[in-house]
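Notes for the one structure printed next.
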């Protein structure tokens, strides 16, 4: 029970609920209108309360279609027996629930109680094809789009992983006679010190026999961005930035270091900083 109550609906689930509710509401209104027109053209009496009660046939579609969608969307099962069950079970449940609902409502609120079996026979003879169509077409559509979405997400994850693997995760630096391995994620920024570069950590600095151009080609552009002709920063290490009112900006790194952001590199920096901040807060 606690597990069921802990299920959270995402944005897509909520949109599906809204769309299904709107469609079912429109269908119920159309059914009531049809009953009224039928009574009008046949010169017979129209009882709104009775027509409203039988419109409960349409009310059931919203929760059952959502349960069908939810099962396909979150279980992600492709076996044939599941695909058949996710169509057959809502049909059977609908066939049994509607006559029961009519029987209960008529017994509680009306003088005449409608027989469960009579309503069941009527539903099978008049609406079975509707149930089969309405529960089959969305189920197939749900499975089709879910399968395509999962495939697209898998391909995207593979591309991202392959792309990420092209960039370095560590840098080997020298400290006296020792060689140390530094994680790229721990680097605050790189600065030019021709013909070398300086690798700045939070509280240490290493001299590396390389150029900013060569190291830049090895770094993930989603993590490192050039902010000056002589500086490349780790976007995750940027605490804030403020304008100088002349097109340039002052960067404050998380270790307190102040750096200059040139106007020539400001657009790329702002774009990456905004994306990084949004991903972090979400």
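Specify the residue that is nearest to residue 171 (Cα to Cα); the eligible residues are those in the range 192-210 that are surrounded by 15 or more Cβ atoms within 10 Å (Cβ to Cβ) and in contact with a helix residue (DSSP H, G or I) (Cβ under 8 Å, 6 or more places away or on another chain).
Filtering the range 192-210 for residues that are surrounded by 15 or more Cβ atoms within 10 Å (Cβ to Cβ) and in contact with a helix residue (DSSP H, G or I) (Cβ under 8 Å, 6 or more places away or on another chain), the one nearest to residue 171 (Cα to Cα) comes out as 208.
Residue 101 is checked against (1) in contact with a helix residue (DSSP H, G or I) (Cβ under 9 Å, 6 or more places away or on another chain); (2) more than 30 Å from residue 14 (Cβ to Cβ); (3) part of a helix (DSSP H, G or I) and fails just one. What number does that condition carry?
Every condition holds for residue 101 apart from (2).
Across the range 149-174, what is the total count of residues that are at pLDDT below 85 and either surrounded by fewer than 12 Cβ atoms within 10 Å (Cβ to Cβ) or in a strand (DSSP E or B) (or both)? Can you show your working first?
Initial filter on the range 149-174 (at pLDDT below 85): 149-166.
Okay, now just the ones that are also either surrounded by fewer than 12 Cβ atoms within 10 Å (Cβ to Cβ) or in a strand (DSSP E or B) (or both), so 151-162, 165-166.
So the count comes out to 14.
List the strands (runs of 3 or more DSSP E) that sit entirely inside the range 188-282 and contain at least 2 residues that are assigned by TED's automatic domain parsing to the domain that holds residue 178, touching a residue at least 40 places away in the same chain (Cβ under 8 Å) and closer than 23 Å to residue 167 by Cα.
Once the strands (runs of 3 or more DSSP E) in the range 188-282 are filtered for at least 2 residues that are assigned by TED's automatic domain parsing to the domain that holds residue 178, touching a residue at least 40 places away in the same chain (Cβ under 8 Å) and closer than 23 Å to residue 167 by Cα, what remains is 189-193, 224-228, 231-234.
The values are calculated or read from the model by the stated rules, or taken from the named source; none is laboratory data. These numbers come from a predicted model, not from an experiment. Don't worry about glycine lacking a Cβ; one is built from the backbone with ideal geometry, like all the others, and counts go over all protein chains shown.
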